[in-house]
Amino acid sequence: MDERHAGTPENETKEARHGGHTPEPGSGKGAEPAAGADRRGETEEERADRRWQELLQEIRVAQTGVQILLGFLLTVVFTPLFHDLEQTDKTIYLVTVVLGSLSTGALIGPVSFHRIVSGRRVKPQAVAWASRLTFTGILLLLATLTAALFLILRVATHDPYVPWLVSGVLAWYLLCWFALPLWVRTRYAEGS
């Protein structure tokens, strides 16, 4: 370790976490991780803590969006225009509200999950299940946004091209949310 960084709070934290030894930058390639640690030098518990923090940041973004969308959807039924909608549009609306509610449940689920299992020494498993709930919530959010867009464009335009437009937006969501990350993962992941 060079003297410029010796004694900084960041390095002291790393030293404490790694039992007084901070690996030199770039030494991770040839060095073997300590027993019970991964290539980053993290124990299973440290990795679970880091992954939990990352997951919470991701959930905050998705939760806010889905809660605002659901809030607006819930108010639509109380407007005079709702009662003038065709039965098909009312059905699309009900499906959209149910999808939004399911998405909200899945995206809030990890918070409840963490609270219930906190202190039980199952954080790695809790993170895995919370991650699954979050991914399910994202899929349900995708369905909610698609259904909401379809309903709004149907009511606003009565245009026969609405399904094509919604399909294009859905393709964009799929590209941004799944295809691009999977491409980056396969192209740039370590060991590939």
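The values are calculated or read from the model by the stated rules, or taken from the named source; none is laboratory data. Model, not experiment: these values are computed from the prediction. Every residue, glycine among them, receives a Cβ derived from its backbone with ideal geometry; neighbour counts consider all protein chains shown. Side chains included, ligands, DNA and RNA excluded: accessible areas come from the protein's heavy atoms. Shrake-Rupley method; radii C 1.70, N 1.55, O 1.52, S 1.80 Å.
When Phe150, Phe178 are screened for being touching a helix residue (DSSP H, G or I) at 6+ places or on another chain (Cβ under 8 Å) and open to solvent by 30 Å² or more (accessible area, probe 1.4 Å), only Phe150 passes. Does at least one position in segment 151-174 carry a residue that is closer than 30 Å to Glu44 by Cα and either among the hydrophobic types (A, V, I, L, M, F, W, C) or touching a Leu at 6+ places or on another chain (Cβ under 9 Å) (or both)? No, segment 151-174 has no match at all. Between Phe113, Phe135, Phe82, the distinction of being at pLDDT below 95, assigned to a helix (DSSP H, G or I), open to solvent by 40 Å² or more (accessible area, probe 1.4 Å) and aromatic (Phe, Trp, Tyr) belongs to Phe113 only. Can you spot a residue in segment 155-164 that is free of Cβ contacts under 8 Å to residues at least 12 places away in the same chain, on the phi > 0 side of the Ramachandran plot and open to solvent by 30 Å² or more (accessible area, probe 1.4 Å)? Checking segment 155-164: at least one residue is free of Cβ contacts under 8 Å to residues at least 12 places away in the same chain, on the phi > 0 side of the Ramachandran plot and open to solvent by 30 Å² or more (accessible area, probe 1.4 Å). The single condition among (1) charged (D, E, K, R); (2) touching a residue at least 40 places away in the same chain (Cβ under 8 Å); (3) closer than 27 Å to Arg47 by Cβ that Arg132 does not satisfy is (2). Of all residues in segment 49-59, one or more are outside any loop (DSSP other than H, G, I, E, B), among the aromatic types (Phe, Trp, Tyr), touching a residue at least 12 places away in the same chain (Cβ under 8 Å) and in contact with a helix residue (DSSP H, G or I) (Cβ under 9 Å, 6 or more places away or on another chain).
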